[in-house]
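Worksheet for the structure shown next.
The values are calculated or read from the model by the stated rules, or taken from the named source; none is laboratory data. These numbers come from a predicted model, not from an experiment. Heads up, the Cβs are rebuilt from the backbone with ideal geometry, glycines too, and the neighbour counts pull from every protein chain shown.
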Amino acid sequence: MQAYHNGDAQYYAQSGYAQPQPAYYAQFTPYPPYQSQPVAAPFPTYPQAAQYDSPKQFPTPGPVRRKLSHGRTASTAPTIQNTPSRTGTPAAPLKSAMKKQIDRSASTGAVPLARRSTNESRQRVNSLTRPRSRTGSINAFVPDHIFVSLHSAGELRIDNIAYQSTLDDLRELVLPMWPHGIEVEDSRGDGWRVRFARSPWTSVGIDGMLAQRLICTLYTVLARQGYSHVTTVQNGSPRPGKLVFVETQADPDVKIFATMFSPSKMRLRLLDAPRELVEDFASSLRPMFPRKVMSYGANEDGVHVIEVKREGFRSHEAERNLFYACMLRFFNSAGFKLDGSIPLGRKDPMFWGSRKEAWIFRSLPMRRPESRQKQ
């Protein structure tokens, strides 16, 4: 290196420095040689990258207003089918919802007892006879027997009513038959209880005739609904007997009439019986009771009277039994069968025994021609 001072070109030789001895470096550990770190390869780039469009933005749908269905309130949550999804397509139901729907459909499809007259579309009368909707429940029981009983002096009880149409017809047709009105009318569960005013079951005269007509209307309603009387069950003397009706084929053209027999006078009253039937019956009695049969035409209330005079040495019991046998045989041949008996009215003061009984006769179902049955 050369140095110049104030532009003087005179050269000044630099003084030399003493070099360190080799033993000086041996006192220290030398540093390791430097190694460069490997550089990562650059991220590869593609010359022609595919360009995608940004997802479309759909407006948020507003709440859907639905009409209220029967038995639901306005706070019912929307179902999966009527809830729109964000992608514009209907969302699929969840597995849990599908499982509930399958279980519900399987439980509500309960089949009632197999009867010829049972109609699955008929509305049930109450919750006791409706099919249960819970999963794993047993099939609903639909009763096919109806129990009718008369309590005290003016109370009517009907149990095991299965269909709403039966209860509606009873209210519409039976209640107006008693002009004095009702005191209590109650329908709970599958039973119906009515207490009529002024004691129809112990009434006499015109009211007694109206009570018989009320019973005939009751039989008519049950026959049109598909019920027939089979027997009367007596549970004990303090309690009244129960009329048992079983579900059979409905008979919309049924005819019902009542008879009341007075044992002390051998007199038979027929209420709402066909006039031709009464006349033919009176004619059939004359050979069995010669010169003893007296027949009276129907009065303004629709009551026919047939009386047999008692003469000779024949006992009263034998005459009554013969009269009953002739009556049942004739009515059965004419297409009417005995369909039950109900004690009505008061005891006969001239005859020791129970109260009078109203015998109810019902027309037999008309048979279809053989040509129609084969079709």
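The sole residue among Leu322, Leu270, Leu328, Leu277 that is in a strand (DSSP E or B), modelled with pLDDT of 90 or more and surrounded by 12 or more Cβ atoms within 10 Å (Cβ to Cβ) is Leu270.
Please verify whether Val194 is hydrophobic (A, V, I, L, M, F, W, C), on the phi < 0 side of the Ramachandran plot and in a strand (DSSP E or B), treating the condition exactly as stated. Criteria met by Val194. Residues of the stretch 247-270 that are among the basic types (Lys, Arg) and in contact with a Gly (Cβ under 8 Å, 6 or more places away or on another chain): none at all.
Kindly indicate the residue of the stretch 186-201 that is among the charged types (D, E, K, R) and touching a strand residue (DSSP E or B) at 6+ places or on another chain (Cβ under 7 Å) and also surrounded by the most Cβ atoms within 10 Å (Cβ to Cβ) among those meeting that condition. Only one residue tops the list, namely Asp190. Within the stretch 210-241, the set of residues being buried (at least 18 other Cβ atoms within 10 Å of the Cβ) and part of a strand (DSSP E or B) comprises Tyr227, Ser228, His229.
When we screen Ala250, Ala298, Ala334 for residues that are more than 43 Å from the chain's Cα centre (by Cα) and among the aliphatic types (A, V, I, L, M), the only hit is Ala298.
Among the residues making up the stretch 149-169, a single one is assigned to a helix (DSSP H, G or I) and among the aliphatic types (A, V, I, L, M): Leu167.
Among the residues of the stretch 245-260, those that are farther than 11 Å from Arg224 by Cβ and either hydroxyl-bearing (Ser, Thr, Tyr) or surrounded by 19 or more Cβ atoms within 10 Å (Cβ to Cβ) (or both) comprise Phe245, Glu247, Thr248, Phe257, Ala258, Thr259, Met260. Based on this model, can you work out whether Lys265 counts as surrounded by 13 or more Cβ atoms within 10 Å (Cβ to Cβ) and within 17 Å of Phe330 (Cβ to Cβ)? Here the answer is no, as Lys265 does not meet what is asked.
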